[in-house]
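Working notes, beginning with the structure itself.
What follows draws every value from the coordinates through simple rules; no lab data is involved. Keep in mind that what you see is a predicted model, and the values were worked out from it rather than measured. Don't worry about glycine lacking a Cβ; one is built from the backbone with ideal geometry, like all the others, and counts go over all protein chains shown.
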Amino acid sequence: MMNGCPRWSYLTVPLLAALGCSDPVPRPPQGNLTLSVQHASTGSPTCPVPGKTYVVGNPKGPNSADAGNRFIDGENGATIKCAVTGGGPFNFSGNIKALSGTSDFVTMTITNGVIAADKLNGTATIAINTPQLAATFTSPPGMCTLTVVGGNVKPGSVWATAYCPSVTDTSTGKACSIGTTTTFVFENCEGS
């Protein structure tokens, strides 16, 4: 027995459950997204879908006042992967692939995310893809700015808005921006 629980074996599994000695079952990651796609802030207008907003929620997406309803990884074909680690500063990454409310398959990938110790601001590299973009548009490394909504960042979760002045399809040179109303929520991530 260890900590009042018998050693694990195939004979003790029902007993462990009855005693409440089993390891806690990790909850799957969940997330949602409101993605605003605009013309790039500089250069000639080449964005295929300027002024389009994609809402990825179950059914409601997030904004800077309401976290909306999250998809759980695997629910309705959604794929959610994320990690939020540290205690200030925080490092994070995330990927959400899911259908929007208008049945567009939307993907947003965040890498190299850092939120400052003040839990207010950060930076990241962001890539987006939608049927209308017809390609993956990626920001320069670390060139997207993040604003945490109400200090909502901790190990395993983050709620923030994002702005990228330019995301580019390297194969065509077309450029868009990720607008300031873009908001995402990730929960139950690695690090929780």
- Message: Less than 16 Å apart at the alpha-carbon level, and either on another chain or at least 8 residues along: which aspartates and glutamates does that give for LYS52?
- Response: ASP104
- Treating the beta-carbon of each Lys and Arg as +1 and of each Asp and Glu as -1, no other charges, what is the dipole magnitude of the chain about its Cα centre, to the nearest 20 debye? 20 debye
- Net length gained if the chain between THR181 and GLU75 were fully extended (0.36 nm per residue, minus Cα distance): 35.6 nm
- Query: Which of GLY86, GLY43, GLY31 moves most in a GNM of the chain, Cα contacts under 10 Å?
  - Reply: GLY43
- Looking at (i) 1.42; (ii) 1.20; (iii) 0.97, which value of Cα Rg over 2.2 N^0.38 Å comes from a calculation on the structure shown? (ii)
- Separation of the range 148-162 and the range 62-122 by C-alpha centroid, Å? 9 Å
- For peptides 98-106, 33-41, sequence by mean Cβ density within 10 Å, most packed first: 33-41, 98-106
